[in-house]
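*Asks:* One structure, pasted below without further comment.
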Amino acid sequence: MIPFAEPDLTGNERRYLLEALDSGWISKGDFITRFELKLMERFGWHAVVCSSGTAALHLALLAGGIGHGARVILPDLTFASAAHVVKHVGAELVLADVDSCGLISAAAVRELAYQGARAVMPTHLFGQQCDMRSIMATAREYGLLVIEDAAEMCRPWMIQGDFACMSFYGNKQITTGEGGAVFCKTQWSADIVRKWRDHGMKHAYWHDRPGLNYPMTNIQAAIGTAQMERYEEFRARRDVVQGRYREAGIEGFGDWVLVTPKKPMQSVET
């Protein structure tokens, strides 16, 4: 049987795990900073790692000021966690239709934006990128906060939203077992995300808001650091596998998983 996902932990994962264990710092520690720096080097934005992709979406909503009564636009084809965190912050969920590739369009966002929405969470489903240029133009016209749900993205992309959220679950290209990251445009916004992540602490044991407890452990970050060292290798391997599908006459879309549509694909400009 072909596995849906099979993590490759044959790099420096074991070595870095032992380093973390030997240091005695298994919760907080240097690997967290090392992992965040590697993510920032690859994707160009400030990265704040956390306990899951779901936690990342939750933190982005809170840092973006989305709360009780706000309307948030989501595609009607996405993982349930995106809808869950909208409800957790007390916001109203508004579902938008997707195209034949499962992606939300600027037209769908526009149709709902004028009804008083405060935010939109485009999902880069199956590793495809939404037409962010058009979505951003619509979002700026209507004053929408944009949180990119990039849990399934497999290659570097140009982040265009106010925040972007990634997952490091075991079936993702880069894994820490469980884990996630919020990408932020500025250090200031990254500091806000960190404050929400770390109990709302301004500094040690000084809480200026009721925060959450969504940290990534040093042990997880040790695995992630080793995984990021092989990012290009993992990306190239996926390209080879996709090429084999094409050679076998199997056509589809998505570079996280290959989806074979029952009707003709609709291309999306990026």
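*Asks:* Can you tell me how many residues within region 98-147 are open to solvent by 40 Å² or more (accessible area, probe 1.4 Å) and not polar (S, T, N, Q)?
*Replies:* Going through region 98-147 one residue at a time, the tally reaches 14.
*Asks:* Where the second residue is surrounded by fewer than 17 Cβ atoms within 10 Å (Cβ to Cβ) and not aromatic (Phe, Trp, Tyr) and the first is within 21 Å of Cys50 (Cβ to Cβ) and lies in region 16-34, which pairs have Cβ atoms under 8 Å and are six or more apart or on separate chains?
*Replies:* Correct list of pairs: Ala20/Ile26; Gly29/Ser23; Asp30/Ser23.
*Asks:* Out of everything in region 231-257 that is under 19 Å from the mean Cα position of the chain (by Cα) and in a loop (DSSP other than H, G, I, E, B), what residue ends up being nearest to Ile174 (Cα to Cα)?
*Replies:* Residue satisfying both the conditions and the ranking: Trp256.
*Asks:* Any residue at all in region 180-197 that is within 22 Å of Leu9 (Cβ to Cβ) and either at pLDDT 95 or above or within 13 Å of the chain's Cα centre (by Cα) (or both)?
*Replies:* Yes, that holds for at least one residue.
*Asks:* Could you grab me the full set of residues in region 70-93 that are within 25 Å of Gly254 (Cα to Cα) and either assigned to a strand (DSSP E or B) or of a type in the set (S, T, N, Q) (or both)?
*Replies:* Of everything in region 70-93, those that are within 25 Å of Gly254 (Cα to Cα) and either assigned to a strand (DSSP E or B) or of a type in the set (S, T, N, Q) (or both) turn out to be Ile73, Leu74, Pro75, Thr78, Ser81.
*Asks:* Condition (residue is closer than 15 Å to Ser52 by Cβ, open to solvent by 10 Å² or more (accessible area, probe 1.4 Å) and touching a Pro at 6+ places or on another chain (Cβ under 8 Å)) applied to region 183-202: is it met by at least one residue?
*Replies:* yes
*Asks:* Right, another one. Between a residue in region 115-141 that is on the phi > 0 side of the Ramachandran plot and any residue that is part of a helix (DSSP H, G or I) and polar (S, T, N, Q), which pairs come within a Cβ distance under 9 Å, given they are 6 or more apart or on different chains?
*Replies:* none
The values are calculated or read from the model by the stated rules, or taken from the named source; none is laboratory data. Remember, it's a predicted structure, so these values are computed and weren't measured experimentally. Cβ atoms come from the backbone with ideal geometry, glycine included; neighbour counts cover every protein chain shown. All accessible areas refer to the heavy atoms of the entire protein, side chains included, with ligands and DNA or RNA removed. Shrake-Rupley method; radii C 1.70, N 1.55, O 1.52, S 1.80 Å.
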